[in-house]
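Here the structure is laid out as structure tokens; the discussion comes afterwards.
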Amino acid sequence: MATTEVRPEVAVGGVEVRQPYRATVLDWLTTTDHKKIAIMYFVTSVVFLCVGGTFAGLVRTQLMQSGERFMDGDTYNQVMTMHALVMVFLFLMPMIAAIGNYVVPLQLGATDMAFPKVNALSFWLVPLGGILMLSGFLVKGGAASVGWYINPPLSNSQFAPGNGVNVALAGLAILGASTTLGSINFIVTILKLRAPGMTMMRMPLFCWNMFVTSLLAVFSLPVLTAGFAMLWIDRNLGANFFNPQAGGDPILYQHIFWFFGHPEVYILLLPIMGVVSELIPVFSRKPAFGYKAFVFATLAIGALGTMVWAHHMFTTGAINVSFFAATSLLIAVPTGVKMFSWTATMWRGKVKWTTAMLFAIGFLSQFLIGGITGVFLGSGSIDFSVHDTYYVVGHFHYVLVAAALFGVMGASYYWFPKMTGRLLNEKVGKVQWVIMFVGTNMTFMAQQILGIKGMPRRIETYYVPAWNTLNLVSTIGAYLIGLGLLMWIINMLVARKRGPIAGDDPWDANTLEWATTSPPPYYNFDALPPIRSERPLFDLKHPAEGAEDAAESAEREHAGAH
Ligand code: HEM
Ligand SMILES: [Cu+2]
């Protein structure tokens, strides 16, 4: 494989540019290069975003007006369930694997991930798991239509006959294996392949977030897979793990699912927080405020994130509400530390309003809304009145869409030049940002208000005219999000071939991925700068400031030791 990568440099507009990946199909099918694997994850994830987005569009079109029913109940439930499973397991998790695969080895100054072959396997399990899960639409009875928790008794073979749930469980188990293998790869790469001088406390914040995310994934995904296996055995081999008539317990399934489900939201969010922690210092021209505090906040969120799962079960009456309310509210503290660190980093900075920075700031404001409504839901008394309403749907979409999707957009505008050697169109990017900022707030704020007004989730239609206007607003907002995503995809397709040449370090950034060419050679680096802080490239470019900063922090560390 290596031999095909040594390509002649060609001069474009006076800048030496490597020809990006004119690899053969066989190269792509057999590659173990983390950069190529990252690009395959990226493309696969965008394709599934289109699938999951189309499902969301269908759902919103049906809910636009009361009494609208172009999808019957079962079809609606299939489309809604698959929307969620596709968006979580086939769009966002592979997208995080894409960004992590491309950036982590480069930021560590490594030539690749620790286990390149396992890395390739982790990728190929994604299309396999995805096709298996979506093949439910082709089997008798249709795709899984029981909601994304797939919880019994609704999902047992009596109430969900046919193979839709079976293929969904099998597909999800394969996707779980992909993420677990990928996470082990990240953990070993981060612990073992850091360049000389890069101590853990000089590691870029993105890598720290990927590290904690991977620990959470290895911790929680096997539990989910065990729960899916128990449900599969109940459905197909007549066991009774979750059958109360035979001594089983459906509440047990909910514990198992949410023991994974809540850490899952941090598996989705921490990497995005890592992305934002790269973008804000670079475009504020300041080091990250409170680097150490940020690292400990990330570790605290990871640890606390494993202790709150039953806040999804407040209304079952089967759990200790006070304990889980307390742990849930506690997470607001390290999250607040991060929000403060990002804001303080921008404070008095020389902010550059690039599209990537706009999406980072969009993440902050939207995540704030998602976070605060999460605090409301964490307090048992409020949750009792809004559980299973659109308030909850609005809340987690603020976190998963308005926040996570914005983070993905920011990451793409920031690292696309490193992946392709060309810049995305900034004008298009800024228009896209406005459209998506307005669209997400229309879609999900309207949903939150509908929830307060009592609209339950998972209904294929409604007959309450008072909910019409807000549902119309929510649907128009969803169409705007769709338009924004379309602009993003077209921007990438055009820029890949005709975007302005980026050069090695178009953003005047801080970390090692910008210390090599765009795109990098298959071996990543010809040479590495000395590493004395979490901003090695900045230190190299600004020796005085860098040295000063390094001296200052050494001073602080020294003072702290005494
Ligand atoms: C792009 C714009 C999106 C729109 C307009 C949208 C819309 C919706 C709507 C209306 C529902 C509720 C359906 C119901 O309760 O009947 C829903 C459910 C859901 N969505 Fe989205 N969504 C979007 C993106 C996403 C993304 C990016 C994710 C995850 C990464 C996601 C994850 C979910 C989940 C987990 C559910 C719950 C499904 C269930 O109740 O089982 N959505 N979405
Ligand atoms: Cu939760």
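Hey, rough spin-label estimate for LEU121 and LEU29, points 7 angstrom out along Cα→Cβ, what's it come to in nanometres? About 2.0 nm separates the two model spin labels.
Between PHE42, VAL118, GLY261, whose Cα lies farthest towards the positive end of the dipole of the chain when Lys and Arg beta carbons carry +1 and Asp and Glu beta carbons carry -1, centred on the Cα centre? Ranked along the dipole, the leading option is PHE42.
Ranking LEU270, GLY394, GLY129 by Cα position along the charge dipole of the chain, where only Lys, Arg, Asp and Glu carry charges on their C-beta atoms, puts GLY394 farthest toward the positive end. Relative to the globular-protein estimate of 2.2 N^0.38 Å, the Cα radius of gyration of the stretch 439-487 stands at 1.18.
With an 8 Å Cα cut-off and a minimum separation of 6 or more residues, compute the relative contact order for the chain in percent.
It rounds to 17 percent for the chain.
Along the stretch 80-95 the Karplus relation, 6.51 cos²θ - 1.76 cosθ + 1.60 evaluated at θ = phi - 60°, assigns HN-Hα couplings of 5, 4, 5, 3, 5, 5, 5, 5, 6, 8, 10, 9, 6, 5, x, 5 Hz to successive residues, with x for each Gly and Pro.
Of the solvent-accessible surface of the chain, computed with a 1.4 Å probe over protein heavy atoms with every protein chain present, carbon and sulfur atoms account for 69 percent. The alpha carbon radius of gyration of the stretch 104-188, expressed as a multiple of 2.2 N^0.38 Å, is 1.41.
Using only the alpha-carbon atoms, how far is helix 332-346 inclined from the longest principal axis of the chain? Give it as 0 to 90 degrees, nearest 10. The angle comes out at about 40 degrees.
Rolling a 1.4 Å probe over the protein heavy atoms gives the stretch 77-116 an accessible area of 16 Å² per residue.
In this simple spin-label approximation, ARG285 and VAL375 carry label points 7 Å from Cα along the Cα→Cβ vector, and these lie 3.4 nm apart. Computing FRET efficiency as 1/(1 + (r/R0)^6) for LYS140 and LEU252, where r is the C-beta to C-beta distance and R0 is 30 Å, gives about 0.55.
The stretch 94-124 and the stretch 363-418 have Cα centres separated by 27 Å. Each part gets one Cα centre, and for the stretch 228-277 versus the stretch 131-209 those centres are 11 Å apart. Per residue, the average separation of C-alpha pairs within less than 8 Å and at least 6 apart gives the stretch 132-235 a relative contact order of 30 percent. Computed from backbone phi with θ = phi - 60° and the Karplus coefficients 6.51, -1.76 and 1.60, the 3J(HN,Hα) list for the stretch 154-161 is 4, 9, 7, 5, 6, 8, 10, x Hz; x is used for glycine and proline.
Determine, from the Cβ-Cβ distance of THR469 and THR54 and an R0 of 25 Å, the FRET efficiency 1/(1 + (r/R0)^6), rounded to the nearest 0.05. Computed FRET efficiency for THR469 and THR54: 0.50. Here's how it looks for THR389: its modeled amide H is under 5 Å from those of ARG457, which are all 5 or more places away or on a different chain. Taking the square roots of five times each eigenvalue of the Cα gyration tensor of the stretch 4-561, the equivalent ellipsoid has semi-axes of 39, 26, 24 Å, listed largest first.
Think of it as helices only: each DSSP H run of n ≥ 4 in the chain is worth -39500 (n - 2.57), and spread over all residues that comes to -21500 deg cm²/dmol at 222 nm. Projecting the Cα atoms of ILE99, MET210, PRO500 onto the dipole axis of the stretch 4-561, where Lys and Arg carry +1 and Asp and Glu carry -1 at the beta carbon, places PRO500 farthest toward the positive end.
In order along the stretch 252-263, the phi-based Karplus estimate (6.51 cos²θ - 1.76 cosθ + 1.60, θ = phi - 60°) of 3J(HN,Hα) comes to 4, 4, 4, 4, 5, 4, 7, 4, 8, x, 6, x Hz; Gly and Pro are listed as x.
Inverting the mean 1/r over all pairs of different Cα atoms, compute the Kirkwood radius of the stretch 23-97 and quote it in Å. Hydrodynamic radius (Kirkwood, Cα only) of the stretch 23-97 equals 14.0 Å. Compute the distance from the alpha-carbon center of the stretch 481-523 to that of the stretch 320-360, in whole Å. Spelled out, the Cα-based centre of one part sits 27 Å from the other. In this simple spin-label model, placing a label point 7 Å from the Cα along the Cα-to-Cβ direction at both ASP526 and ARG69 gives a separation of 6.9 nm. Take the Cα of ILE233, go 7 Å toward its beta carbon, and the backbone nitrogen atoms of the stretch 248-265 under 18 Å from that spot belong to 248-257.
Cross-link pairs exceeding 32 Å in C-alpha to C-alpha distance, out of LYS117/LYS497; LYS36/LYS427; LYS192/LYS350; LYS36/LYS352, comprise LYS192/LYS350.
The values are calculated or read from the model by the stated rules, or taken from the named source; none is laboratory data. All values reported here derive from a predicted model rather than from experimental measurement. Backbone-built Cβ (ideal geometry, glycine too); neighbour counts: all protein chains shown. These area figures cover heavy atoms from the full protein model, side chains too; ligands, DNA and RNA do not enter into them. Shrake-Rupley method; radii C 1.70, N 1.55, O 1.52, S 1.80 Å.
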